[in-house]
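Here's the structure, in structure tokens; my notes come after.
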Amino acid sequence: MNRYRFLPVFLLAGSLLVLLVMFFVRIFSADNQISQASLTQTVAAGEVKTEVIPTNAPTESPQPSETPIPEPTSTENLPTIIMPPTATDGIEIESPEGCDVAAFLVDVTIPDGTEFDPETKFTKTWRLQNDGTCTWNNKYKLYFYSGDKMSGPESQRLVTIPIPPGKSIDISVVLFAPKEPGTYKGYWALKNANGVHFGLGPINKPFYVKILVVGPSVAPTDTPTP
């Protein structure tokens with residue numbers, strides 16, 4: 001019986017302990033809620049300042065300037081004009097090598113230094129040989145090269161029939177002696193079917209006509225006496 005006499009005391013102490021624990025738990029929970037509420041109000045009432053730190057914007061690299069390309073100018077294929085050189089002995093004339101070559105044989109008419117009265121008409125004839133490898137046809141021409149033209153043509157047909165290599169031909173041109181006395185010399189040459197100049201031998205020398213114009217003798221007139 002004495003063994004249970006302290007039982008009420010233990011029960012009372014245990015109840016008080018439980019109540020005390022529950023009290024502290026309530027207090028702790030209330031403090032925690034108050035702290036959370038204060039924190040929420042502080043955040044809501046406070047001003048949150050966000051500082052935006054600008055970053056360096058990427059700079060665009062300058063693009064290389066485009067150099068304007070000029071438009072190509074249209075050029076026309078203009079024909080090349082070959083001008084005859086100044087009249088001198090031994091002048092070369094353009095010619096395809098070996099194809100068109102002439103050889104002088106003889107002056108058929110009007111040897112060099114033949115005398116004429118002023119404005120006398122005459123016909124000069126040369127005998128030439130085809131010394132090349134190409135046949136002369138009716139598209140070949142005799143043309144005035146330089147010097148004294150003596151009223152001759154600019155050009156004329158060289159042949160009327162084909163002249164193959166190794167054959168000769170007499171070439172004539174009608175001229176007029178100048179009206180002033182003196183020595184006159186005119187150079188002549190040839191052109192092939194393509195208009196290419198050629199003449200005598202491998203250096204293509206022009207051939208010529210040379211005359212002497214002599215004036216008529218003038219008898220002295222008598223001076224009338226006063």
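Brief remarks follow.
- Pairs where the first residue, in the range 149-169, is under 13 Å from residue 191 (Cβ atoms) and the second is modelled with pLDDT of 95 or more and in a loop (DSSP other than H, G, I, E, B), C-beta under 6 Å, 6+ apart: 158/140
- If you check 209, 196 for being surrounded by 13 or more Cβ atoms within 10 Å (Cβ to Cβ), under 15 Å from residue 114 (Cβ atoms) and in the same structural domain as residue 123 (by TED's automatic domain parsing), only one passes: 209.
- Residues of the range 98-130 that are of a type in the set (Asp, Glu) and touching a residue at least 40 places away in the same chain (Cβ under 8 Å): 100, 112, 115, 117, 119.
- Of all residues in the range 161-185, those satisfying the criterion of being more than 46 Å from the chain's Cα centre (by Cα) and not in a strand (DSSP E or B) are 177, 178, 179, 180, 181.
- Residue list for the range 143-160, restricted to those being under 18 Å from residue 121 (Cβ atoms) and either among the hydroxyl-bearing types (Ser, Thr, Tyr) or assigned to a strand (DSSP E or B) (or both): 144, 151, 156
The values are calculated or read from the model by the stated rules, or taken from the named source; none is laboratory data. Quick caveat, the model's predicted, so the values are computed rather than measured. Glycine also receives a Cβ, built like all others from the backbone with ideal geometry; neighbour counts cover every protein chain displayed.
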